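This report refers to the structure that appears directly beneath it.
The values are calculated or read from the model by the stated rules, or taken from the named source; none is laboratory data. Bear in mind that the values here come from a model prediction, so they are computed numbers and not experimental data. All Cβ positions, even for glycine, are placed from backbone atoms using ideal geometry, and neighbour counts span all protein chains on display. These area figures cover heavy atoms from the full protein model, side chains too; ligands, DNA and RNA do not enter into them. Shrake-Rupley method; radii C 1.70, N 1.55, O 1.52, S 1.80 Å.
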Amino acid sequence: MWLDIDMRSPSPIYDQIKRGVREEIIKGKLKEGDTLPSIREMASQIRVNPNTVARAYRELEMEGTIMARQGLGYIVVSDGEKVRDSVFDNLSEELKEPILRLKKSGISLDKLLEVIENIWKHQS
């Protein structure tokens, strides 16, 4: 299976599935027009409840990354560049508040960049 799901992660499994699908699109392993595994097939492969996969697929569909096609299942409808832009937009929103808190508390941009660089280099 090409998705890395960590059952011990605090991140919900449906979020991990969404993140995994997005990552595969960004890497070019999934391309526009490719079909995803069926809900039951994916659930079986990663050993989760089909409702969990259905939620992930439904949310990916709402954001315009995949689309349900009668008789075909779920297909990728966004290219890597669109997905990458969406990921960065979401990341920007997620990081805005903590970064502004750090700025208000006197943390310098250089120190913040040092922390980010350290995480980037030393985490897998």
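Details
- Qualifying positions in the stretch 65-97 - in contact (Cβ under 8 Å) with a residue 12 or more places away in the chain, over 18 Å from residue 15 (Cβ atoms) and of a type in the set (A, V, I, L, M): 72, 75, 76, 77
For (1) open to solvent by 90 Å² or more (accessible area, probe 1.4 Å); (2) within 21 Å of residue 20 (Cβ to Cβ); (3) assigned by TED's automatic domain parsing to the domain that holds residue 64, each residue gets a yes or a no:
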{"position": "85", "(1), (2), (3)": "no, yes, no"}
{"position": "91", "(1), (2), (3)": "no, yes, no"}
{"position": "101", "(1), (2), (3)": "yes, no, no"}
{"position": "105", "(1), (2), (3)": "no, no, no"}
{"position": "108", "(1), (2), (3)": "no, no, no"}
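- So residue 11, is it assigned to a loop (DSSP other than H, G, I, E, B) and at pLDDT below 95: yes
- Total residues in the stretch 29-63, condition more than 10 Å from residue 14 (Cα to Cα), surrounded by 15 or more Cβ atoms within 10 Å (Cβ to Cβ) and among the β-branched types (Val, Ile, Thr): 2
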